[in-house]
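The values are calculated or read from the model by the stated rules, or taken from the named source; none is laboratory data. Predicted model only: the values in this text are computed from it and were never measured. Cβ placement follows ideal geometry from the backbone for every residue including glycine, while neighbour counts extend to all protein chains displayed. To get the accessible areas, we keep the full protein, side chains included, count just its heavy atoms, and leave off ligands, DNA and RNA. Shrake-Rupley method; radii C 1.70, N 1.55, O 1.52, S 1.80 Å.
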There are 4 protein chains.
Amino acid sequence: MVETGQFATQWKDMARKLGLKPEFIPGDWRTGADAAKIEEQLRKDKAHEIKAVCVLHNETATGCLSPIEPIRKAIDATGHPALLMVDTISSLASTDYRHDEWRVDITIGGAQKGLMLPPGMSFNALSDRALAAAKTSKLTKSFWAWDDMLNMNKLGFFPYTPATQMLQGLAVSIDMLHEEGLDNVFARHARLAEATRRAVRAWGLEILCRDPKYYSPTITAVLLPEGHDADAFRNLALETFNISYGASFGPYAKRYFRIGHLGDINDGWMMGVLATTEMALSLAGIPHKKGGAQAAMDYIVAAHSGGARAAAE
Amino acid sequence: MVETGQFATQWKDMARKLGLKPEFIPGDWRTGADAAKIEEQLRKDKAHEIKAVCVLHNETATGCLSPIEPIRKAIDATGHPALLMVDTISSLASTDYRHDEWRVDITIGGAQKGLMLPPGMSFNALSDRALAAAKTSKLTKSFWAWDDMLNMNKLGFFPYTPATQMLQGLAVSIDMLHEEGLDNVFARHARLAEATRRAVRAWGLEILCRDPKYYSPTITAVLLPEGHDADAFRNLALETFNISYGASFGPYAKRYFRIGHLGDINDGWMMGVLATTEMALSLAGIPHKKGGAQAAMDYIVAAHSGGARAAAE
Amino acid sequence: MVETGQFATQWKDMARKLGLKPEFIPGDWRTGADAAKIEEQLRKDKAHEIKAVCVLHNETATGCLSPIEPIRKAIDATGHPALLMVDTISSLASTDYRHDEWRVDITIGGAQKGLMLPPGMSFNALSDRALAAAKTSKLTKSFWAWDDMLNMNKLGFFPYTPATQMLQGLAVSIDMLHEEGLDNVFARHARLAEATRRAVRAWGLEILCRDPKYYSPTITAVLLPEGHDADAFRNLALETFNISYGASFGPYAKRYFRIGHLGDINDGWMMGVLATTEMALSLAGIPHKKGGAQAAMDYIVAAHSGGARAAAE
Amino acid sequence: MVETGQFATQWKDMARKLGLKPEFIPGDWRTGADAAKIEEQLRKDKAHEIKAVCVLHNETATGCLSPIEPIRKAIDATGHPALLMVDTISSLASTDYRHDEWRVDITIGGAQKGLMLPPGMSFNALSDRALAAAKTSKLTKSFWAWDDMLNMNKLGFFPYTPATQMLQGLAVSIDMLHEEGLDNVFARHARLAEATRRAVRAWGLEILCRDPKYYSPTITAVLLPEGHDADAFRNLALETFNISYGASFGPYAKRYFRIGHLGDINDGWMMGVLATTEMALSLAGIPHKKGGAQAAMDYIVAAHSGGARAAAE
């Protein structure tokens, strides 16, 4: 497992609570997973005791996305039989992801982010290798076992009382995504993410994710200058403007706030968020430069006028 | 009746269709109703043939608000017995209005603006003089007569099948307005209206309402430079940003677009609207200066930091 | 106009209030409109002063349906040029109706009965003769005039702020009706109406509509024995069982209650209504025989087992 | 654990999958849990290896309710330290239940039955002894551990992304239950359950629960005569009347169907269900006597007229 941030850490804790012995490749909470380090770790494991490589596609806590293809290649390069497990909670349906093509063994998804539903539903996509591994696994489990669901899937029923409202909502979400077109959905998320980052830079503030190759298309975490409490800032913004930012965690607790730019959101709504953020920074007395909203507007205009590439150079 | 704009004109046409003979004080669609002209018209009517003075509190088509108190005083000054009828469709619950204190005889309201409901409900508030006039009126009418409703009001029932979903929605709207507090609701509309006007001025564009004393707290109409088609602009904005502006009418048809800032709207949402408008102006190639969204943000920050008065000087 | 009941009477009153001079063919509120009497009235009108024959397809107040085709033939037989106007508020989409085939000139419909929507929308279907008559009509009107709507219909827009929530609901209603199939919808209403009448007869109570040829497919009014207050019965049922019956009117006020069997209702729901009614009759001490619900069940079973025809003989 | 039916069996299977070694007191799926047998089992366990007695308050699969107080007393009589765990999924908020007074250690509840919500939420009520046991438990677990939730409960937050729509729905459900009054809610369920059983007996059919002391207030399972397929009956009823009965399980699979009478249901709705069931029995050619719906109506009338006790004697 790779320490990309809070949710990777919780996943590791979950594994430990379930009696597993996770190795946790340390990280500084400011980048995605490094494929080279995963490869190194696997090469050391001559006995093939490692059963799976577990990575968050998008670390919701830090706004760092870990490209999965390089990790797939790194695992392949070692010849190690470990499964590849990927958490796509905050990336699914917002950016390109290829369970089959990248030969991911277990993909974990959820309803409440890019699928635009309330919380209450999670998914697993499984490879044949994952199914085979489940058959010989000795980890005790009941609800989390796949057998009952796989059996009922054949009949189109559910092994337990299903949350039908979620299933009906999901059908609508998927229709909405296809109506817009997945390529357009992904381009929209990329555009709004870049607009957000341009605003942050124009404010003179620092993006938590310190390497552009890990930038997240769905979440941007913004570091406040030393001595400024991000939770106090979030409270002021909530009370004044009824806007709710994501909290900060771990080594950077109270140091940053997170702007979500995923799901049912468009340019105008995003600009409302960025302008509100700039106003809240002023009211909170956080040192910053004006012009963040303006920079985002300039980028969005360029993107829509076909000049996005030029603007980005 | 006073020609403040499209909806005043339609009211006049309605009167004519009903067999009445309205006198229509001409206007240029860029101000509210002038109390002095109303007074002058009434003084000419020695025979008291004029039955009512009809004014739109807020002309939805132009974004000009007609203060009612001066009109009340002008009528009083003449001693003319005409009733005072006021259309508050696009001002009710968004700005101060006093049916009793201003001795309005008939106030007409609707559900779909400041009351934040879908269309489907209209109200009349009546003075004793209005009720007395209705008793002797010879205008034929059935649905628009008040008798059946007044009779049933005593019992708490409706004379016809009531649109109960509207009544239930209204109860919620009124709770929401009182939860925020009417003074806060009115201040919010005033703040968002001023922020909008500051954006328009920063763009170097002209506000249709040419006299600040008639500025509307709920709608701002923005004139485009000569040679630019406002309908084309509205279409481009709708297609690109999914934002829908109000259309233009009458002598200024295709010359302006309208920004609504009323009802369930807050600072962040307003900023989304203004930033989107600035982006759409760029994409449409409408000559304008940047900085409108920024000017609005500066004003809102000042308003929230207690410095609104200073900022306004 | 024909005095079929309360809503016919209100229509006549409406006409009078609008300055028209309706002739009102008297009725006893227990049958539909008699085509022969309409013919007689028209034949007397040598001067062709009668402009229109106005009939309720289904008199909501009494549960009597007036077949329109015989009325059409009666008018044709006289050669009288009067328009034929039909109110289909409580029959539309619940039983067969043919505006074009029966050459109705004006059909009036509403949202809140067979179309299964909340109140808030009404329709007019118009013949060319109706349109021609409107052009020369001298009755003053504004909202009720068709011109503005006809003009905008061409563009797909609305002349006023439309109640879009009603239009969207209507699209769904129509989809639902077509999904079931209109023939099935009509058969369902016929079946539930007959089941209701069999229950009433089994109770030993009297159906207000005294001639089977006028039986309504959507509403059955049930007379209580002399000395029993139908409003007291309705209150008891409402308080005990949370069931709300239609009220009684006119010469039979407090003498009957009405069971609606239209719109989004099926066999099981109908049986809940009839069983509840039988229970409420018992609790109210209304003299009646048991077995009404049973009779309705027997009929529904026969209808579904293909033996409906046999059962009906 | 006690074999009351399918859901008790699944609970036992779940325990086994989690690596526990449940003892399963055998049952015939037609009664509730027998306190005497539980006592006997505990007395045999001199070494106190049994950690918990697990009972379903209401076995959803069979419509048998297990009174908890006698079981509490039986455990107390042995002096055995086993915890008492009770599943109240299909009884909670529909019949009296006393976690504290009966000294239950773990009560498990769900949203989707008596609380009238869609599926998607479950609850645990815990005793101090349960909390103490959790601290020393060696069973590996993560999501199912209570620590995170208990910690966050103090702050009013959730350890994971909460299904806020369920929490908001729950607030409304609880308001509805209190508006009606819990005593009235319980009496309503008792009345509808008895009405259902009277219908079943009048049909000459057998109630699966063979001992009245275990009758369920929320579910009644109805055995069909030998040779009749309950699934075929359920399908016919679903297709003809759009009514969905619960399925049958285990040794009685395809032998019975289940009528739910819990949650947001009243007398009229229940009668719709029972009359529909009687009609479906006829259409399916299941041998039965008429008069079930009538018997239920008679009982409900008696219950509402204050004569329920007399009628029951």
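Using alpha carbons only, how many angstrom separate the centre of the stretch C:14-93 from the centre of the stretch B:95-112?
The stretch C:14-93 and the stretch B:95-112 have Cα centres separated by 43 Å.
In whole percent, and with a 1.4 Å probe on the protein chains, what portion of the accessible area of chain A is carbon and sulfur?
The C+S portion of the solvent-accessible surface of chain A is 54 percent.
Within 10 Å of each Cβ of D:104-117, how many other protein chain Cβ atoms are there on average?
If you average over the peptide's residues, the count of other-chain Cβ atoms is 1.
Above 58 angstrom, tally the Cα pairs of the protein assembly as shown and express them as a % of all pairs, no decimals.
32 percent
Bins of 5 Å, beginning at zero and ending with the bin holding the largest distance: percent of Cα pairs per bin for the stretch A:106-206, please.
That works out to 2, 10, 13, 16, 16, 13, 11, 8, 6, 4, 2, 0, in percent per bin.
Quick one: which residues, 5+ away or cross-chain, put their amide H under 5 Å from the amide H of A:Tyr215? H built at 1.01 Å from N.
HN-HN under 5 Å from A:Tyr215: A:Leu65.
Is there a simple number for the mean count of other chain Cβ atoms within 10 Å of the Cβ of residues in C:293-301, and what is it?
5
If the elastic network links every pair of Cα atoms under 10 Å, which of B:His288, B:His99, B:His48 fluctuates the most in the Gaussian network model of chain B?
For chain B, modelled as a Gaussian network with Cα springs under 10 Å, the answer is B:His48.
When chain D is modelled as a GNM with alpha-carbon springs shorter than 10 Å, which of D:Thr276, D:Thr240, D:Thr88 fluctuates the most?
So, out of D:Thr276, D:Thr240, D:Thr88, the one fluctuating most is D:Thr240.
Using a 1.4 Å probe on protein heavy atoms only, how many Å² of accessible area do D and C hide from each other, summed over both chains and rounded to 100?
Working: alone 16130 and 16150 Å², together 30480 Å².
In total, this chain pair buries about 1800 Å².
Work out the mean other chain Cβ neighbour count within 10 Å for the residues of A:13-24 and drop it here as an integer.
If you average over the peptide's residues, the count of other-chain Cβ atoms is 2.
Can you list, shortest first and in nm, the gaps between the label point of C:Arg129 and those of its counterparts in the other copies, using a point 7 Å from Cα in the C-beta direction?
4.9, 8.1, 8.8
Would you please name the GluC sites (Glu not before Pro) within the stretch A:180-260 that are DSSP coil residues with at most 16 other C-beta atoms within 10 Å of their C-beta?
Here the sparse-neighbourhood loop sites are A:Glu226.
Could you calculate the FRET efficiency of D:Asn242 with C:Phe123 from 1/(1 + (r/R0)^6), where r is the beta carbon distance between them and R0 is 45 Å, rounded to 0.05?
The value I calculate is 0.95.
Greater than 32 Å separation of Cα atoms is the criterion. Which listed pairs, A:Lys113/A:Lys290; D:Lys73/D:Lys289; A:Lys51/A:Lys213, meet it?
Over 32 Å Cα-Cα: D:Lys73/D:Lys289.
Order C:135-146, B:138-149 from most to least packed using the mean count of other Cβ atoms within 10 Å.
B:138-149, C:135-146
Would you give the gap between the C-alpha center of the stretch A:242-313 and the C-alpha center of the stretch C:220-243, rounded to a whole Å?
The stretch A:242-313 and the stretch C:220-243 have Cα centres separated by 64 Å.
Hey, what do the phi angles of the stretch D:98-111 turn into as Karplus ³J(HN,Hα) couplings, whole Hz, using 6.51/-1.76/1.60 and θ = phi - 60°, x for Gly and Pro?
For the stretch D:98-111, the Karplus-derived couplings read 10, 4, 6, 4, 8, 6, 6, 8, 9, 10, 10, x, x, 7 Hz, x marking Gly and Pro.
Within 10 Å, count the other beta carbons around each residue, average over each peptide in C:52-63, C:227-238, and list them highest first.
Numbers: C:52-63: 27.4, C:227-238: 16.3.
Most protected by this proxy first, the peptides run C:52-63, C:227-238.
Could you pull the copy-to-copy label distances for D:Ser244, with points set 7 Å along Cα to Cβ, in nm to one decimal and sorted shortest first?
D:Ser244 label point versus its equivalents elsewhere: 2.8, 3.1, 3.5 nm.
What's the minimum Cβ distance from chain A to the axis relating it to B, in whole Å, and which residue gives it?
Taking the axis that maps A onto B, the answer comes out as A:Gly272, 1.
Taking a label point 7 Å from Cα toward Cβ, how far is B:Phe24 from its twins in the other copies, in nm, shortest first?
3.9, 7.7, 8.6
Can you pick out the pairs among B:Lys21/C:Lys12; D:Lys21/D:Lys138; B:Lys12/B:Lys254; D:Lys44/D:Lys135; C:Lys44/C:Lys141; C:Lys37/C:Lys135 whose Cα atoms lie more than 25 Å from each other? Provide the component values of the computation, followed by the final result.
Numbers: B:Lys21/C:Lys12 29 Å; D:Lys21/D:Lys138 14 Å; B:Lys12/B:Lys254 23 Å; D:Lys44/D:Lys135 27 Å; C:Lys44/C:Lys141 30 Å; C:Lys37/C:Lys135 30 Å.
Long pairs (Cα-Cα over 25 Å): B:Lys21/C:Lys12; D:Lys44/D:Lys135; C:Lys44/C:Lys141; C:Lys37/C:Lys135.
Would you mind getting the accessible area per residue of the stretch B:1-94, heavy atoms of the protein chains only, 1.4 Å probe, in Å²?
About 41 Å² of surface per residue is accessible.
How big is D, in µm² s⁻¹, for the stretch A:139-296 by Stokes-Einstein at 10 °C and 1.306 mPa s if Rh is the Kirkwood radius over C-alpha pairs?
Approximately 87 µm²/s, per Stokes-Einstein.
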